[in-house]
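Here's the structure we're looking at; comments come further down.
The values are calculated or read from the model by the stated rules, or taken from the named source; none is laboratory data. What you are looking at is a predicted structure, and each value in this text was computed from that prediction instead of being measured. All Cβ positions, even for glycine, are placed from backbone atoms using ideal geometry, and neighbour counts span all protein chains on display. Ligands, DNA and RNA are stripped out before the accessible areas are found, and what is left, the full protein with its side chains, is counted by its heavy atoms. Shrake-Rupley method; radii C 1.70, N 1.55, O 1.52, S 1.80 Å.
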Amino acid sequence: MSHYSAFSVFKNAISGNRHWSRVWRDPEPKPHYDVVIIGAGGHGLATAYYLAREHGIRNVAVIEKGWLGGGNTGRNTTIVRSNYMMPGNTMFYERSMKLWENLSQDLNYNVMISQRGQYNLCHSPSQMDAARRRGNVLSGNGIEAELFDRSEVKRRLPYLDYTPQARFPIHGAIFQSRAGTARHDAVAWGYARAADQQGVDIIQQCEVTGYIWDKGKIAGVETTRGAIRAGKVGMAVAGHTGHLAGMAGLRLPIETHVLQAYVTEPLKPLVDTVISFGAAHFYVSQSDKGGLVLGGDLDGYNSYAQRGGLPMVEHTLASAKALMPSISRLKLLRHWAGVMDMSMDGSPIIAKTPVDGLYLNGGWCYGGFKATPASGWCFAWTIAKDQPHEDNAEFTLNRFERGYQIDEKGVGPHPNAH
Ligand SMILES: Cc1cc2nc3c(=O)[nH]c(=O)nc-3n(C[C@H](O)[C@H](O)[C@H](O)COP(=O)(O)OP(=O)(O)OC[C@H]3O[C@@H](n4cnc5c(N)ncnc54)[C@H](O)[C@@H]3O)c2cc1C
């Protein structure tokens, strides 16, 4: 596998770009692996990469029913940030941010991290109080956060609605300058390439249909390409978590919901940051191609369909217009959806399950893309050492039995509100 460098770009350019080697292999499944990871999204691929690189466990397969990165990893709105307030979340997401900051060099693959900053707008005095509290928690943990009043927000983001008629007046914002975006499919491809280089087998077009059991322990997976035995099985299947866990007899506090993303026709550079509306679940950034990338709320019903409904398109665009009336004549070019694994407190699970041999990574709700590096890093640790790292120690499954939920938004068990 070639190392990407300025020299390799030059060398391949002068030979017509005909001699690049394949970015990853397409191996046949072996009968046995030390670890099988189900799901070649960012989380599954990152887990395999860190299992090999950090723990020397290289006899690993990642099993994917479709194509790698074709799930939520390739469908999200690419926001990365680490401004979480609850113990359990704060340092986990900061680990992720630190991994993001070096990821392109680490993987020798440009994941196009763009630390353009993110504003969370506040539309009432009480939201300003909550932002102040969040900022203090972040600062106390060594994570940078700035609080801006209305006039500073207006100076920085002049294209928002500050008129007296604004439906949701802007009181100020909390800002994280290290937040931003990364190129989602490049993240999947970068981890896939780096894992493959470490000897990991990535097996696409191979659906896990059941488990192999041996004396009450999971000892592998049944797939559409035959049985594959494994010492340990980890699942990182996002919206299919309930289904795959159900096959192992586990009932999880996770629901599957549809979430859409939207892109407008291209504009000249306008939004050079990420802006999250505080009055509804809505955020906006601008892609390199110029389209405004909009994110909104869940569609509001459980589904495994990777397509969204028009009522949520209308709702999201109403939020966009309330915030930025000047874009009201823009055309929406595309919208699509992913299936989300919504946990009942809005925080994830990275843990051993009560089923011997089975490990769970899921419940990422709206926030799993930004978590990708730390999720893989911590899941690999948990699988390799049979115990959590301190950064995922709170992401247990049994916290729901014990009543120790990590309810970042303080909204209770309502998936649409997380
Ligand atoms: C519209 C949208 C916008 C989002 N925006 C953001 C954002 O801005 N920032 C952020 O942090 N997060 C965001 N997210 C959330 C984020 O995308 C996900 O949490 C994250 O990508 C999950 O990654 P994953 O690897 O766990 O899952 P996925 O990428 O979905 O990968 C799971 C894989 O498992 C495979 N699989 C499922 N069942 C089986 C089976 N039986 N056998 C084999 N393979 C199987 C699937 O085909 C899939 O490829 C968004 C999500 C959506 C849908």
Determine whether E265 is within 20 Å of the chain's Cα centre (by Cα) and either under 13 Å from A320 (Cβ atoms) or assigned to a strand (DSSP E or B) (or both). no
Could you check the stretch 84-101 and list, in sequence order, the residues that are of a type in the set (S, T, Y) and within 12 Å of the ligand (Cβ to nearest atom)? Y84, Y93, S96
In the stretch 223-235, what residues are under 15 Å from E28 (Cα atoms), in contact with a strand residue (DSSP E or B) (Cβ under 9 Å, 6 or more places away or on another chain) and open to solvent by 10 Å² or more (accessible area, probe 1.4 Å)? T223, T224, R225, A227, R229
Regarding I218, is this residue open to solvent by 10 Å² or more (accessible area, probe 1.4 Å), in a strand (DSSP E or B) and assigned by the TED database to the domain that holds Y49? no
Any chance the stretch 393-402 includes a residue that's modelled with pLDDT of 95 or more, under 17 Å from the mean Cα position of the chain (by Cα), over 17 Å from V187 (Cα atoms) and not basic (K, R)? yes
Please count how many residues of the stretch 221-253 are outside any loop (DSSP other than H, G, I, E, B), more than 12 Å from the ligand (Cβ to nearest atom) and in contact with a helix residue (DSSP H, G or I) (Cβ under 7 Å, 6 or more places away or on another chain). 1
Output for the stretch 55-83, where each listed residue is more than 6 Å from the ligand (Cβ to nearest atom) and under 27 Å from I174 (Cβ atoms): V80, R81, S82, N83
Okay, strands (runs of 3 or more DSSP E) sitting entirely in the stretch 283-378 with 1 or more residues that are open to solvent by 20 Å² or more (accessible area, probe 1.4 Å) and within 14 Å of the ligand (Cβ to nearest atom), I get 291-302, 332-343
Which members of the stretch 379-395 meet the condition of being more than 11 Å from the ligand (Cβ to nearest atom) and part of a helix (DSSP H, G or I)? A380, W381, T382, I383, A384, K385, E390, D391, N392
